[in-house]
Amino acid sequence: MSQFRSDEPPFEDDEAENEMDEDEEDVPLAMRKRKQEEPDQADGGMDDDDIPLLARKKIKKEYKEYKEKTKKKRVKEGADDEYDIIKPKKKKIKQESVIKIVTVSPIKRQKIKEEEEEVWRWWEEEKRADGVKWTTLEHKGPVFAPPYERVPRNVRFYYDGKPLELSEETEEAATFYAKMLNHDYCTKDCNFQEMFNFFQAESEKRKAASKEEKLVKKIENEALMKEYGFCMIDGHKEKIGNFRLEPPGLFRGRGEHPKMGMIKRRIQASDESMVPSPPSGSRWKEVRHDNTVTWLASWIENVQGQVKYIMLNPSSKLKGEKDHIKYETARRLDKVIDKIRATYRDEWKSKEMRDEDQADTVGCCSLRVEHVQLHKELNGKENVVVFDFPGKDSIRYYNEVEVEKRVFKNLELFMEHKKEGDDLFDRLNTQVFRTYNASKTLQSQLDLLTDPSATVPEKLLAYNRANRAVAILCNHQRSVPKGHEKSMENLKEKIKAKRDAIDDCEAEYHDFKKAAKRGSVKEKVNADKKGKQLERLKDQLKKLELQETDRDENKTIALGTSKLNYLDPRISVAWCKKHGVPIEKIFNKTQRTKFLWAVHMADENYRF
DNA sequence: AGATCTACTTAGGACACGTCTA
DNA sequence: TAGACGTGTCCTAAGTAGATCT
């Protein structure tokens, strides 16, 4: 095996601009020369590496400080717009758009087996305990973002009302904004309207393309996927998760992010290397053989200074094995959870805890003092703790929880002598608990809600309800889908129509019945038929009504996240097998490939 | 002992895509 | 037969854990 990393001379922003604008040919030339002269990059290695590193550190530090500041500020002012006050400092950051590649030169190339080839049943193999992730690995490297294509000359950019010529690079940047005109970044001075219109038109064109054109695109895409979307690992073909590099564009943080709208630069390979060959004449920043990690390539993103990776698809052994281990850990927790709970309940009264609140330490549970409110009484309940805080992705968590008096008292103690911004707890780790709670809840809810004699649709509803209980527990929210209101209306109308149909049918049915009573055989048959039709209509109505509740209950709840990340798939597999529900009804194709191990491992008797 | 770094999982939104319906 | 609509996939930001550095 071999790993490599391409080494790109970092350059400053404006230098880059100049080079680009003046003479693109200089770049490859310079590289070639460089390569000849310093094949082992002994020269400016220090400079090249140190400066970007410093810059990165600075970016990160700044952001962290910023976050701290704004957190505290938010508490004080409860303001929403504090981010406007602080402008990201403009500074020259050394280009770090370099790619590291982990790969391998396998001695023997495994013959690639035919598509849809045999499943690698890694779960039937021995697990390695030494942290080595693979012995051979072979891949084609990442796919770079397509080069920028200039907009037609009649599509202009206006500054202060006047059309302005833009360099290629600037124009590209302008298009980033132009594509987001409906967001409120860019209204002052700059006029992106023409560009915006152009892209709108392009998008329309794409949508209106003929079947053939679309097909051509699809085929091209598939070819690319076939070439770059897979790797060979330990002799097995595995799907890669994200084989495309992130294209340049605007950084879009979630919530009120201070770096929102900053430009994320194009990633360069620069410098040629062999195995996965980088585009144009250049080599990778580094080529590395490291079989203790799972990534295939990495680069540094310039806005936040973070390392980004190309990794495998969830269907791969590497990911699947880890997933399996996660659920096994959660199951082990199940065996000791009662003991743990008994212990901490017991320790609620421990004096030891009481002394700790003076220490202003920070643990790994990030709940801070300002995130909870204690109410001796609230809405008729006693000892209520109100949780209210922004969670991951700035999703709000709000919950009023009635707790035992002792817990309440302890919380009071924890909050004593603390100020806003201080952590409420120290040394707390909740990770395994999340997986455990989710899976445990699914199992118990399924037990509770599944009627073995019910129909498949009814069972599915039960499953969804169980899934929903978990999603609520984990606070997996989503914004109400765009057409929700309307789609509910449509559904209601359908239901109404169905009800009318039932009324009509019922009336006819009674008429036939009456007639049948008078003895006519024909009427009897008719009555029978009507009866059956009535039954069917009622069934359909029931389904629609179920769908209505299901959809409405689900409008702000995302089921996918828990299904994909927290629910032991074997619970679902076993449930399907036990109740004769086809697995396709609950796992779509992606989910089935991710959880193939579970489909094979679990029989109907599996219990979490 | 805390800060930082690396590697990896978790997360919701955008958008592409396929299907259903008028 | 297009357009509406719901679902699936892609994208990449935002977390955490554990190792390593200072």
remark   = Other residues with Cβ under 12 Å from the Cβ of A:Ala201 give, with Lys and Arg +1 and Asp and Glu -1, a net charge of 0
inquiry  = I'd like the carbon and sulfur percentage of the solvent accessible area for segment A:120-162, probe radius 1.4 Å, heavy atoms only, ligands and nucleic acids excluded.
reply    = 49
request  = Would you tally the net charge around A:Val384, using a Cβ to Cβ cut-off of less than 11 Å, leaving A:Val384 out, and scoring K and R as +1, D and E as -1?
outcome  = -2
request  = Give the shape of segment A:537-581 as rounded, prolate or oblate, defined through the alpha-carbon gyration tensor: a ≥ b ≥ c are the square roots of its eigenvalues, a/c under 1.5 means rounded, and otherwise the shape is prolate if a/b is larger than b/c and oblate if not.
outcome  = oblate
query = Between A:Ala208 and A:Asn379, 0.36 nm times their residue separation minus their Cα-Cα distance comes to what?
reply = 55.9 nm
ask   = What's the carbon and sulfur percent of segment A:386-532's accessible surface, probe 1.4 angstrom, rounded to a whole number?
value = 52
ask   = Which translational diffusion coefficient, to the nearest whole µm²/s, is obtained for segment A:435-601 from the Stokes-Einstein equation, given a Kirkwood hydrodynamic radius over C-alpha pairs, 37 °C and 0.692 mPa s?
value = 177
request  = Leaving ligands, DNA and RNA out of it, work out the accessible area of A:Ile583 with a 1.4 Å probe and give it in Å² to the nearest 10.
outcome  = 30
ask   = What nm value, rounded to one decimal, do you get for the distance between A:Tyr158 and A:Asp503 when each label is placed 7 Å out toward the C-beta?
value = 5.8
inquiry  = Using just the Cα positions, wrap segment A:134-211 in a convex hull and report its mean projected area in square nanometres, one decimal place.
reply    = 9.1
ask   = To the nearest 0.05, what FRET efficiency results for A:Ile472 and A:Leu215 with a Förster distance of 60 Å applied to their C-beta separation?
value = 0.90
ask   = Which value, in Å², gives the accessible area per residue of segment A:414-557 when a 1.4 Å probe is used on the protein heavy atoms?
value = 64
remark   = Computed for segment A:152-226: size of charge dipole around the Cα centre, +1 on C-beta of each Lys and Arg, -1 on C-beta of each Asp and Glu, debye to nearest 20, value 460
task = Starting from segment A:128-167, pick out the trypsin sites (Lys or Arg not before Pro) whose DSSP state is loop and whose Cβ has at most 12 other Cβ atoms within 10 Å.
result = A:Arg128, A:Arg150, A:Arg153
ask   = How about segment A:443-511: which trypsin sites (Lys or Arg not before Pro) there lie in a loop by DSSP and see at most 15 other Cβ atoms within 10 Å?
value = A:Arg478, A:Lys482
Over segment A:499-593, relative contact order from alpha-carbon pairs under 8 Å, at least 6 apart, % = 18
query = Does a label point 7 Å from the Cα of A:Gln200, set along Cα-to-beta-carbon, have any residues of segment A:142-156 with amide nitrogen under 16 Å, and which are they?
reply = A:155-156
ask   = When the chain is fully extended, how far beyond the present Cα-Cα distance does A:Ser479 get from A:Ala129, taking 0.36 nm per residue of separation?
value = 121.8 nm
inquiry  = Relative contact order for segment A:435-601: what percent, with Cα pairs under 8 Å and sequence separation of 6 or more?
reply    = 32
ask   = How far, in nm, would the chain grow between A:Arg345 and A:Arg150 when pulled straight, counting 0.36 nm per residue and subtracting the alpha carbon separation?
value = 63.6 nm
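The values are calculated or read from the model by the stated rules, or taken from the named source; none is laboratory data. Fair warning: this is a prediction, and the values are worked out from it, not measured in the lab. A quick note on method: Cβ atoms are made from the backbone with ideal geometry, for glycine too, and the neighbour counts reach across all protein chains shown. Note: areas computed on protein heavy atoms with side chains; ligands, DNA, RNA excluded. Shrake-Rupley method; radii C 1.70, N 1.55, O 1.52, S 1.80 Å.
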